[in-house]
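The values are calculated or read from the model by the stated rules, or taken from the named source; none is laboratory data. All of these numbers come straight from a predicted model, not from anything done at the bench. In this analysis, Cβ positions are derived from the backbone assuming ideal geometry, glycine residues included, and neighbour counts consider all displayed protein chains.
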Amino acid sequence: MKIHAISAALILAYAFGAYAADDDTYKIHVYGWSYGRERKTVTSSNRVTANFMIKNVSTENLNDVTITLTYNAGIGDKIDKQPPQKKVGPLKAGEAQKVQIVGDFIPVFGGYDIVVEYNGTKKEEWNSTQDIGQPNPKNGEPLHGVANVVVVGKELVPDRAAFRGTVRVRNDGTVEAHNLKFVITWFDAKKQKIGDFSGKLGTGSLAGGTEDTIPFTCAKFPRNYAGYEINALCDDTSAEAALSGGDFTTAEEVEFAKIAFKRPDPKSTELKVNGQVRNGFKIPVDQVKLTVIFMNAKKKEIKRYTHEVKGQLKAGEIQPVEFTVKDLPNYDAFEQAVNYNKVTGEPGANKPASTKITAGAFQNTKDVEVIFTASDTNDDKSVSLAGAMRNGKSAPVKDVAIQVTFTKADGSTLITAEKTLTDVSKPGEERNFVMKAPNAAGFASYTYKFKFTELKDGASATAAKVDEVESTTK
């Protein structure tokens, strides 16, 4: 069994997904986007072949299904004047089909729009602001009484001295957006965040139902970034909208992305979750489970919910996911843990030895505390430890560096693993984390120590915490 954890903060969520938060009435879901390009063919050049899946998620049969695909330049301008179409025909309730659309003379594009039409008059729109991004359902009607700002295009300007360009934003609400901000997140080649920046966008406001193309500049940015994402926020941005989104990586992993959260109304304690799951391995997987841990502003867990994907996921397969979380109060952030089983045809073969730990508990001292609450042994013989950190001091702390030593039954060292929590933790704040230790399967016990940086009156003072904590295993 494999476990993988991802954390997301309110302002630093991967991608703004307000489109996906409003697809209740969509009867056809579009997912699994990919494309290939042929620079020259016998009869054409710059031929782009797009591949994606459609699924009728309604309970009724749909007729005359037609797909129109339009490619966009960086800031959202249409590239092709006569976009290619695909006539699918009838689509039964629950039926899924693979769609392939070929377009010629398509230059480099920064995003795309997909229009799905059926039953003669019905139309559903999907789009992405990235050429490799997965499609998001697009709002059909304005959101009355609120501001809802979305990014519809972006374009960088080559400049070694600064990270700058233009972003095209649209207010899908009916009222003016105030305190308009842009948030840029930079990633390395493995889609790990290496930096972020937020600042005022334009004049800080955008009238309801309007679009604007606005320049932005960041003087400081990581020079070694491999990718980036730009999101837009305003005063009306809800936790559900800000935390929605996220694109798939190309890693050999099981991952959930395009996650969208929506409540039936702002006062409801019921949360509807939509998203997609991808099997990035070259073999099938089953027993795929997504555990979503909702937290408050102090990173303290307030609810945990687990959803299991039925059946197997074939190699490379992407499927839509939908479930509802009940009795959920307001939250500010979430973490997700993904569990799965690789289907090798030999159940139980070469299963690594598993060790379970006894969950620790905070002592509520006036100091920084670190505990571990659960362990999971993975198929690759690594061990994932679920832990938590609490700042009991009267001053903020950051860079909590944790070192765990796993030992064998004879007391000798098996492996040592390290993890650093770089975020600033305010006094009284708690946060969860997961540490992965390679080749730690079969450990008999473990000890750990940690150190941190205490922030006093704007200055930093490093404090070493050498508490060697002997674990209890069972």
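List of remarks:
- Any hit, segment 246-254, residues being at pLDDT 85 or above and either outside the structural domain of Asn432 (by TED's automatic domain parsing) or closer than 19 Å to Gly165 by Cβ (or both): yes
- Of all residues in segment 278-311 being aromatic (Phe, Trp, Tyr) and part of a strand (DSSP E or B), the one that is modelled with the highest pLDDT: Tyr305
- Just one of the listed residues (Gly195, Gly209) is in a strand (DSSP E or B), of a type outside the set (Phe, Trp, Tyr), touching a residue at least 24 places away in the same chain (Cβ under 8 Å) and in contact with a Pro (Cβ under 8 Å, 6 or more places away or on another chain), and it is Gly195.
- Thr41 meets the stated requirement of being surrounded by fewer than 17 Cβ atoms within 10 Å (Cβ to Cβ) and either over 27 Å from the mean Cα position of the chain (by Cα) or modelled with pLDDT of 80 or more (or both).
- Taking segment 412-439 as the range and being in contact (Cβ under 8 Å) with a residue 24 or more places away in the chain and in a loop (DSSP other than H, G, I, E, B) as the test, the residues that pass are Thr422, Asp423, Val424, Lys426, Pro427, Gly428, Glu429, Pro438, Asn439.
- Yes/no for Ala147 being at pLDDT below 85, assigned to a loop (DSSP other than H, G, I, E, B) and of a type in the set (A, V, I, L, M): yes
- Scanning segment 446-456 for any residue that is surrounded by fewer than 20 Cβ atoms within 10 Å (Cβ to Cβ), assigned to a loop (DSSP other than H, G, I, E, B) and in contact with a strand residue (DSSP E or B) (Cβ under 6 Å, 6 or more places away or on another chain) turns up nothing.
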